[in-house]
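Asker: Take a look at this one; I'll ask things after.
The values are calculated or read from the model by the stated rules, or taken from the named source; none is laboratory data. Predicted model only: the values in this text are computed from it and were never measured. Here the Cβ positions follow ideal geometry from the backbone for every residue, glycine too, while neighbour counts run over all protein chains shown. Side chains are part of the model used for accessible areas, which takes the heavy atoms of the whole protein and leaves out ligands, DNA and RNA. Shrake-Rupley method; radii C 1.70, N 1.55, O 1.52, S 1.80 Å.
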Amino acid sequence: MILYPNAKINIGLHVVERRPDGYHNLETVFYPINLQDALEIHTPADDNYFLKVTGTILGGTPDDNLVTRAYRLLKEQFPNTVKPVEIHLFKHIPTGAGLGGGSSDAAFTLRALNERFQLQLTTDQLEAFATQLGADCPFFIKNQPVYATGIGNHFTPINLSLMGKTIVLVKPEIFVSTREAYAGVTPHQPAKPLMELIQQPIETWRNNIVNDFEDSVFPIYPEIAAIKDRLYDLGAIYASMSGSGSCVFGIFDTPIEHIDEIFNGYFCRQRQL
């Protein structure tokens, strides 16, 4: 069984308030994109679970990987049904980018194990398990555009399609920690809710839809800000950092020629939406 966990982008991100538990409430839009990892799952000859990761180098150990945590979550719930498996994860989605690659891998693992072992879990049940792995993990169960609130774990479906547009993703060799990104943000209620702004024509987004993390991240890492400016110079209709970064995306009407040369030295991918 081979699946292709995909990435997502954040269109807009408002840090609304600090919660009593120390986390923050926010509002954002998650939109799936076709930048993908590859996840292969098969039953081994012996009785041992095994995870092999290739492609992009990851920190930590296989035991720390969200794929392993997803497997163990279902194994604990269904000890007699979920058997040992071997998983090969080929990482293409960059880490520390704000693209949700690890969360997507975990959610797709839940979906794959549900199918392989005929657990007959509903979508709601899969989302409940995914919630235990990370705030944005449940998004990748349905994998459709949503307006996200709470800590990014309460979803409202939205009617949003960017079909026919081109997205350019550019990530420098910079890691932005979540703590660092939040440190420079002052929570506030936006003048207009993102749910209202996202329904406006995409040409209006540049002047109205913002990612609050840019105000804290750009002064520390001007290289990330420069990437956003360059995307606008190239004709992007809308450009933004995704999540807390460090990946920046630009949405274009048509593909950009020689994009790899323009952003030589960076992770750079161009995809049709």
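Asker: Can you name every residue in segment 103-137 that is in contact with a strand residue (DSSP E or B) (Cβ under 7 Å, 6 or more places away or on another chain) and open to solvent by less than 10 Å² (accessible area, probe 1.4 Å)?
Answerer: Passing the criteria: Ser104, Asp105, Thr109, Ala112.
Asker: Quick check, is Ala148 surrounded by 19 or more Cβ atoms within 10 Å (Cβ to Cβ), touching a His at 6+ places or on another chain (Cβ under 7 Å) and either closer than 20 Å to Val248 by Cα or in contact (Cβ under 8 Å) with a residue 40 or more places away in the chain (or both)?
Answerer: Details: surrounded by 19 or more Cβ atoms within 10 Å (Cβ to Cβ): yes; touching a His at 6+ places or on another chain (Cβ under 7 Å): yes; either closer than 20 Å to Val248 by Cα or in contact (Cβ under 8 Å) with a residue 40 or more places away in the chain (or both): yes.
Considered against the rule, which asks whether it is surrounded by 19 or more Cβ atoms within 10 Å (Cβ to Cβ), touching a His at 6+ places or on another chain (Cβ under 7 Å) and either closer than 20 Å to Val248 by Cα or in contact (Cβ under 8 Å) with a residue 40 or more places away in the chain (or both), Ala148 comes out as yes.
Asker: When segment 44-72 is examined, which residues are found to be open to solvent by 80 Å² or more (accessible area, probe 1.4 Å) and either in contact with a His (Cβ under 9 Å, 6 or more places away or on another chain) or not in a helix (DSSP H, G or I) (or both)?
Answerer: As a first pass, look at segment 44-72 and keep what is open to solvent by 80 Å² or more (accessible area, probe 1.4 Å): 45, 47-48, 50, 52, 57, 63-64, 69, 72.
Matches in segment 44-72: Ala45, Asp47, Asn48, Phe50, Lys52, Ile57.
For every residue, the table says whether it meets (1) loosely packed, with under 12 Cβ neighbours inside 10 Å; (2) touching a Cys at 6+ places or on another chain (Cβ under 9 Å).
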| site | (1), (2) |
| --- | --- |
| Leu160 | no, no |
| Leu169 | no, yes |
| Gly184 | no, no |
| Ala191 | yes, no |
| Asn207 | yes, no |
| Glu214 | no, no |
| Met241 | no, yes |
| Ser246 | no, no |
| Phe252 | no, no |
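Asker: Where residues in segment 216-229 are among the small types (Gly, Ala, Ser) and open to solvent by less than 50 Å² (accessible area, probe 1.4 Å), which of them is farthest from Tyr147 (Cα to Cα)?
Answerer: Taking segment 216-229 as the starting set, the residues that turn out to be among the small types (Gly, Ala, Ser) are 216, 225-226.
Okay, now just the ones that are also open to solvent by less than 50 Å² (accessible area, probe 1.4 Å), so 216, 225.
Values: Ser216: 23, Ala225: 25 Å.
Checking each candidate, the answer is Ala225.
Asker: Can you find a residue that is at pLDDT 95 or above, of a type outside the set (Val, Ile, Thr) and within 13 Å of the chain's Cα centre (by Cα) anywhere in segment 129-136?
Answerer: Scanning segment 129-136 turns up no residue that is at pLDDT 95 or above, of a type outside the set (Val, Ile, Thr) and within 13 Å of the chain's Cα centre (by Cα).
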